[in-house]
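Laboratory data are not the source of any read-out in this text; all were calculated from the coordinates shown. Bear in mind that the values here come from a model prediction, so they are computed numbers and not experimental data. Cβ placement follows ideal geometry from the backbone for every residue including glycine, while neighbour counts extend to all protein chains displayed.
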Amino acid sequence: MADGEARIRELGQPGDLGWVVMAHGEIYAEEFGWNTEFEALVLQIVAEFARDEPAGPSAAWIAELDARRVGCVFCVADEAPGVAKLRILLVDPGARGQRLGQRLVATAVRFARDAGYERMRLWTNHPLAAARRIYLEAGFALVAEQEHHSFGVALTGQTYELDLAPCAQPTGTERPAATTSRNQA
């Protein structure tokens with residue numbers, strides 16, 4: 001699967017929302033042994049996004065390879081004013097190695113910056129080493145860690161933040177696809 005044409009497009013085609021939930025559930029169970037608690041969390045995140053009642057500008061993207069969904073990322077408003085949250089980054093194992101994760105993160109960071117957010121925050125867990133490398137490459141810094149037991153396993157939760165000041169530039173090379181963000185004012 002990893003030799004075709006890759007593109008990033010805005011989420012919005014029929015099946016996108018369900019694919020995000022299903023892919024997270026299946027991939028995280030296979031790779032990390034996480035149970036359906038994680039899939040339920042992803043379902044909650046996707047449902048909140050789909051309700052179209054965000055507190056601020058929000059958008060989501062799908063990575064495709066040969067017209068097949070292989071990745072995603074969401075950018076939504078945090079509870080804190082001026083802060084965007086990067087959520088549920090995923091790249092299918094068969095599509096890794098093409099910098100799709102970096103392109104997805106760069107697209108979300110660019111959106112957040114263009115939407116006027118001052119900071120971007122994300123929460124992840126310690127086993128997600130490939131994602132951590134992407135976040136660090138994009139300029140995120142680890143600001144907090146906390147041990148917890150979730151998704152059927154013991155984990156160390158990690159919070160990363162990125163300053164979105166105009167002088168700070170994302171590291172990705174792809175411009176976001178034509179973005180029609182929701183509730184952007």
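Springs join every pair of Cα atoms under 10 Å in this Gaussian network model of the chain, and among 153, 105, 20 the largest mean-square fluctuation is at 153.
The length gained on full extension between residue 44 and residue 148, counted as 0.36 nm times the residue separation minus their Cα-Cα distance, comes to 35.5 nm. Amide H contacts of residue 164 (H built 1.01 Å from N, in plane; Pro and chain starts excluded): 119, 120 sit under 5 Å, all sequence-distant by 5 or more or on other chains. Per-residue ellipticity at 222 nm, computed for the chain from helices alone with -39500 (n - 2.57) per DSSP H run of at least four residues, works out to -10000 deg cm²/dmol.
Short-range pairs are left out: with C-alpha atoms under 8 Å and at least six residues apart, the relative contact order of region 46-135 is 25 percent. Given (1) 51, 31, 30; (2) 40, 39, 32; (3) 71, 41, 31, which label gives Cα extents along the principal axes in Å as computed from the coordinates? Computed from the coordinates, Cα extents along the principal axes in Å corresponds to (2).
Derived scalar couplings between HN and Hα for region 83-94 equal 10, 9, 10, 8, 10, 6, 5, 8, 10, 4, x, x Hz in order, rounded to whole Hz, by the Karplus curve 6.51 cos²θ - 1.76 cosθ + 1.60 (θ = phi - 60°), x for Gly and Pro. Averaging the sequence gap over all C-alpha pairs within less than 8 Å and six or more residues apart, then dividing by the number of residues, gives the chain a relative contact order of 24 percent. The residue among 67, 34, 90 whose Cα reaches farthest toward the positive pole of the charge dipole of the chain, with charges on the beta-carbon of Lys, Arg, Asp and Glu, is 67.
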